[in-house]
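What follows is a single structure, written as structure tokens, with notes after it.
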Amino acid sequence: MSSPALVRHPEDSMPATAIAEAGPAPAVTPPVTPPSFGTLTLRWYRLNQGRLRATAIGVISLITFLLVWHLLTTYRVVFFVRFTNVPSPLAVYASFAKAIHDPRFLMHIVLSCRRIFIGFSLAAVVGVPLGLIMGRFKLVHEIIFPVAEVLRPIPAIAWVPMAIMLWPTNEQSIVFITFLGSFFPILVNTLHGMSLVDPVLVRAAQCLGARERSIFREVYFPASLPHIFTGLTIGMGVAWVSLIAAEMISGQYGIGYFTWEAYSLVQYADIALGMIAIGVLGLGSSLLIRGAGHLVMPWRSTR
């Protein structure tokens, strides 16, 4: 029978260096449990709390507006402003349900959007580069700015007779008036953006050996982008105002002509429908420009 002192375990037969190299046994990490649906929902709510609040307030505001409109038209309120002939929201909705299946109404919307797209695009293509050049070169500014300041206060309605004489067709004259309406806000805001560029940045680029084209591309244009998109947003709103005025006076198609024709035919619900369509189209156009601005200037979205 062997003595307990003579019994050796396998670990005792291993060299000390092998035990040191093996190191301690790895710790067993517990399995990571995925967050619950409630936790994810709460996290999403905290991240989007401001947007949700703004959306909720906007929805409540619109519902309140529709309710007040319904009450004023239902009881035919006369208090400085007469609501005796104003259509109710339900009448406007019935007119919309009928017009949405009418090809003529859809054609009016498509033609107005096409005119806005052409006129506004031309104004942006001309106004932004011209504003950059005028802001950079003093001689160009001194030549063009006085003429632009004389033409800028002239309203779109005053341009209608001149546009009819200048252009051979009504379509071209309406596009021209839309172009003028959006051109001057774009030009002025681009000029304002150029005037606010920090001259230290320009001198730093020149000291680094940048040429004029590089200074335009790397300094002036990025610094002026916020004001350029402000001008584009304002120009889009003025473009719709100019377009509707031109379509009401000299147009044969378009949402402005649709609204004026409804007034001539004493179709009050169609008048309100045309006005709401103009507002929705203008809002959608402005949202597209703001979305493009967030894509072009991602650094402003984090503010």
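Details
- Measuring only protein heavy atoms, the 1.4 Å probe finds Phe65 accessible over about 130 Å².
- Charge dipole magnitude, Cβ of K and R +1, D and E -1 - region 166-258, Cα centre, debye nearest 20: 320
- Mean separation of Cα contacts under 8 Å, 6 or more apart, over the residue count of the chain: relative contact order %: 19
- When the charge dipole of the chain is built from unit charges on Cβ atoms (+1 for Lys and Arg, -1 for Asp and Glu) and taken about the Cα centre, the candidate among Leu265, Gln172, Val78 whose Cα reaches farthest toward its positive end is Val78.
- Estimated at the nearest 10 Å², the accessible area of Leu106 is 80 Å² with a 1.4 Å probe.
- Relative contact order %, region 180-235, counting alpha carbon pairs below 8 Å whose residues are six or more apart: 65
- Exposure rank, largest accessible area first [His227, His101, His108, His192; 1.4 Å]: His101, His192, His227, His108
- The order of Ile133, Ile143, Ile228 by accessible area, most exposed first and with a 1.4 Å probe, is Ile143, Ile133, Ile228.
- Residues Trp69, Trp299 ordered from highest to lowest accessible area at a 1.4 Å probe: Trp299, Trp69.
- Residue (of Phe117, Ile57, Val147) at the positive-pole extreme of region 29-177, dipole from beta-carbon charges: Ile57
- Under the Debye formula (equal points on every Cα, no solvent term), log10 I(q)/I(0) of the chain at q = 0.11, 0.12, 0.15, 0.16 Å⁻¹: -0.91, -1.01, -1.22, -1.29
- Angle in degrees between helix 221-250 and the longest Cα principal axis of the chain, rounded to the nearest 10: 30
- Accessible surface of region 92-197, 1.4 Å probe, proportion on carbon and sulfur as whole %: 76
- Between helix 170-195 and the chain: long-axis angle, C-alpha atoms, 0 to 90°, nearest 10: 50
- Per residue, the solvent-accessible area of region 178-303 (1.4 Å probe, heavy atoms of protein chains only, all protein chains present) comes to 52 Å².
- Between the alpha-carbon centres of region 168-243 and region 90-118 there is a gap of 32 Å.
- Basic side chains Lys and Arg get +1 at the Cβ, acidic Asp and Glu get -1 at the Cβ, and with that the dipole of the chain about its Cα centre reaches some 400 debye.
The values are calculated or read from the model by the stated rules, or taken from the named source; none is laboratory data. Bear in mind the structure is a predicted one, so any value in this text is a computation, not a measurement. Methodologically, a virtual Cβ is constructed for each residue, glycine included, from the backbone with ideal geometry; neighbour enumeration extends over all protein chains shown. Just so you know, the surface numbers come from the protein's heavy atoms only, side chains and all, with ligands and any DNA or RNA stripped out. Shrake-Rupley method; radii C 1.70, N 1.55, O 1.52, S 1.80 Å.
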